[in-house]
1. With axes computed from alpha carbons, what is the tilt in degrees of helix 110-132 against the longest principal axis of the chain, rounded to the nearest 10 within 0 to 90?
2. Helix 69-91 versus the longest principal axis of the chain: what angle, 0 to 90°, nearest 10, using Cα atoms?
3. Show that you can apply the helix-only estimate: for the chain, add -39,500 (n - 2.57) for every DSSP H stretch of four or more residues, divide by all residues, and state [θ] at 222 nm to the nearest 500.
4. Distance in nm between label sites at residue 37 and residue 135, each 7 Å beyond Cα in the beta-carbon direction?
5. Could you give the distance between the Cα centres of region 110-144 and region 16-53, to the whole Å?
6. If you take the C-alpha gyration tensor of region 100-184, multiply each eigenvalue by 5 and take the square root, what semi-axes do you get, largest first, in whole Å?
7. Could you work out the Rg to Rh ratio of the chain, with Rh taken as the Kirkwood radius (inverse of the mean 1/r over all Cα pairs)?
8. How high is the relative contact order of region 92-190, in percent, with contacts defined as C-alpha pairs under 8 Å that are six or more residues apart?
């Protein structure tokens, strides 16, 4: 399988994703103002919630990226803007809540902090390569799949196993939507491969 890099992105495609990104970012930064909880903690939590919301269409569309340039563009745009939301979350978590990289490792522990920093770097590298290299090779496709698989596992495990309440529901929604999208894509592809037209 080869990658389907973004190409000829239309104004409606960009506008759709950018508006969703903007609404989610504004919500994440302003919602804590309406609650009684700590402002910095509220923004840290809200930014990871909206990142998860933005990831759902990114994960759901990704298996179908080879069907059309439009689907590929939307998948890559949602993926990219989800990363921007994640960077906002990382900033609030690392520099506002924990007070720096060293304190983040001390307070979160090496394993959890290490996974989070790896995610920041790996996801960021994927986004940079996506928009600058625009490779169409099988190796690039494998890298994209590996990045999204790792990101999916981090978010699914964090939201479902390590959190509770409405956040767990969000994690379940992300997981179910992603798994269904992948299963349907493989089922349709296998069915089409088995179809032999009658001469």
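1. Between helix and principal axis, roughly 50 degrees.
2. 10 degrees
3. My calculation for the chain gives -26000 deg cm²/dmol from helical runs alone.
4. Each label point is offset 7 Å from its Cα along the Cβ direction, giving 4.0 nm.
5. The two parts, judged by their Cα centres, are 24 Å apart.
6. Rounded to whole Å, the semi-axes are 25, 21, 9.
7. 1.01
8. Once divided by the residue count of region 92-190, the mean separation gives 14 percent.
Since every read-out is calculated from the coordinates, none of them should be taken as a lab result. The structure displayed is predicted, hence computed values, not measured ones. Glycine gets a Cβ as well: all are built from the backbone with ideal geometry, and neighbour counts include every protein chain shown.
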